[in-house]
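Enquirer: Please read through the structure below; I'll follow up with questions.
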């Protein structure tokens, strides 16, 4: 058996790695529902927010779901202005992609406060 943090060998049943001090036993937090069901600060689940961001991110829908109405409104207005110009749509598409990467790559603690007002 090896430490999942540093890779050094550990004995079966050992509580912490003697090399790096990493806890080898699952904590109470890790017994949750998993990555997909991690809740945000207002209860929206990460998987749902990630899917909504991927498909409707340019409209700012994910920001509304996460409780950030101000930025959601700004994204929506910028996207609606792209009816006349193409550049605003490119800006909101890049913005949505950055938000998607933040949502997918954040750990549980970061995600719970991501986009909090």
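Enquirer: Are any of the residues in the stretch 19-40 farther than 30 Å from residue 7 by Cβ and over 12 Å from the mean Cα position of the chain (by Cα)?
Expert: Initial filter on the stretch 19-40 (farther than 30 Å from residue 7 by Cβ): 39-40.
If we keep only those that are over 12 Å from the mean Cα position of the chain (by Cα) too, we end up with none.
Looking through the stretch 19-40, none of the residues is farther than 30 Å from residue 7 by Cβ and over 12 Å from the mean Cα position of the chain (by Cα).
Enquirer: Just to be sure, is residue 94 assigned by TED's automatic domain parsing to the domain that holds residue 37, within 21 Å of residue 47 (Cα to Cα) and out of contact with any helix residue (DSSP H, G or I) (no Cβ under 8 Å at 6 or more places or on another chain)?
Expert: Numbers: assigned by TED's automatic domain parsing to the domain that holds residue 37: yes; within 21 Å of residue 47 (Cα to Cα): yes; out of contact with any helix residue (DSSP H, G or I) (no Cβ under 8 Å at 6 or more places or on another chain): yes.
Criteria met by residue 94.
Enquirer: Can you report the number of residues in the stretch 41-72 which are touching a residue at least 40 places away in the same chain (Cβ under 8 Å) and under 13 Å from the mean Cα position of the chain (by Cα)?
Expert: Adding up the residues that qualify gives 9.
The values are calculated or read from the model by the stated rules, or taken from the named source; none is laboratory data. Values in this document were obtained by computation on a predicted structure and should not be read as measured data. Here Cβ is always computed from backbone atoms with ideal geometry, including for glycine, and neighbour counts include all displayed protein chains.
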